[in-house]
Amino acid sequence: MKQVRFEENEVPYETLEQFGLTQPMIEDLPLWALEDIGQGRHSPVLPIRVTNDEGEVLKSRTRFALVRLDNDKVDVVFYPVLGHSPLENFGKEEQEDLIAGKAILTDIADKEGRKNKAFVQIDTETNQVMSVATPVIGRNLDVL
């Protein structure tokens with residue numbers, strides 16, 4: 001199985017530092033968190049800060065994950081903590097299940113507007129609505 005792996009020298013510290021996450025801060029994370037990040041999984045929720053165009057310092061909390069771009073360059077994707085989960089695309093019963101912490105199976109529209117079955121659940125630390133297409137889960141189960 002091909003596994004995404006990021007080496008320490010590939011971490012885009014310059015980008016992370018733009019959000020107040022310095023190299024020493026990242027290196028001080030617990031070993032399990034560094035291993036997760038190195039394997040392309042999310043970091044723990046961390047405090048960040050950024051200065052906007054008006055010079056105001058904005059503070060927030062976020063997870064991040066490393067991603068490998070098509071040109072083989074490594075970049076960062078942020079998953080900020082939301083005030084509430086965006087559930088307006090789900091029916092009342094689905095919303096209740098998601099709020100209760102359950103994973104649901106539902107249709108999710110892709111970029112072209114086609115509907116596909118996906119498992120959906122709320123990340124309780126960030127309130128992000130996370131989804132994974134059912135073929136991905138099926139494939140993972142086949143491999144395992």
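What's the longest piece of the chain with no exposed GluC sites (Glu not before Pro), counting a site as exposed if DSSP puts it in a loop and it has at most 11 other beta carbons within 10 Å? Counting at most 11 other Cβ atoms within 10 Å as exposed, the longest clean stretch of the chain is 8-53. Could you calculate the FRET efficiency of Lys92 with Gln121 from 1/(1 + (r/R0)^6), where r is the beta carbon distance between them and R0 is 25 Å, rounded to 0.05? Rounded to the nearest 0.05, the efficiency is 0.90.
Computed from the C-beta positions of Val136 and Asn9, the FRET efficiency with R₀ = 35 Å rounds to 0.75. Placing unit charges on the Cβ atoms only, positive for Lys and Arg and negative for Asp and Glu, gives the chain a dipole magnitude near 460 debye about its Cα centre. Here, segment 67-144 has an Rg and a Dmax of 14.6, 43 Å when only alpha carbons are counted. Surface exposure of segment 1-108, expressed per residue as accessible area with a 1.4 Å probe, stands at 68 Å².
Accessible area per residue was computed with a 1.4 Å probe on protein heavy atoms; Phe78 scores about 60 Å². Derived from the Cα gyration tensor, the three semi-axes of the equivalent ellipsoid of the chain are 29, 22, 15 Å, largest first.
Taking the chain as a Gaussian network, Cα atoms linked when under 10 Å apart, which of Asp107, Asp53, Asp123 shows the biggest mean-square fluctuation? Maximum fluctuation in the GNM of the chain, among the listed residues, is at Asp53. For segment 54-64, 3J(HN,Hα) computed residue by residue from phi via the Karplus equation (6.51, -1.76, 1.60; θ = phi - 60°) reads 8, x, 7, 8, 9, 10, 7, 9, 7, 9, 9 Hz, glycine and proline entered as x. Calculated FRET efficiency, Ala109 to Arg41, Cβ-Cβ distance, R0 = 30 Å: about 0.70 to the nearest 0.05.
Close amide-amide hydrogen proximity is noted between Phe90 and no other residue 5 or more places distant or on a separate chain, at a cut-off under 5 Å (H modeled in the peptide plane; Pro and chain starts excluded).
The values are calculated or read from the model by the stated rules, or taken from the named source; none is laboratory data. Keep in mind that this is a model prediction, so the values were computed, not measured. Cβ: placed from backbone, ideal geometry, glycine included. Neighbour counts: every protein chain shown. All accessible areas refer to the heavy atoms of the entire protein, side chains included, with ligands and DNA or RNA removed. Shrake-Rupley method; radii C 1.70, N 1.55, O 1.52, S 1.80 Å.
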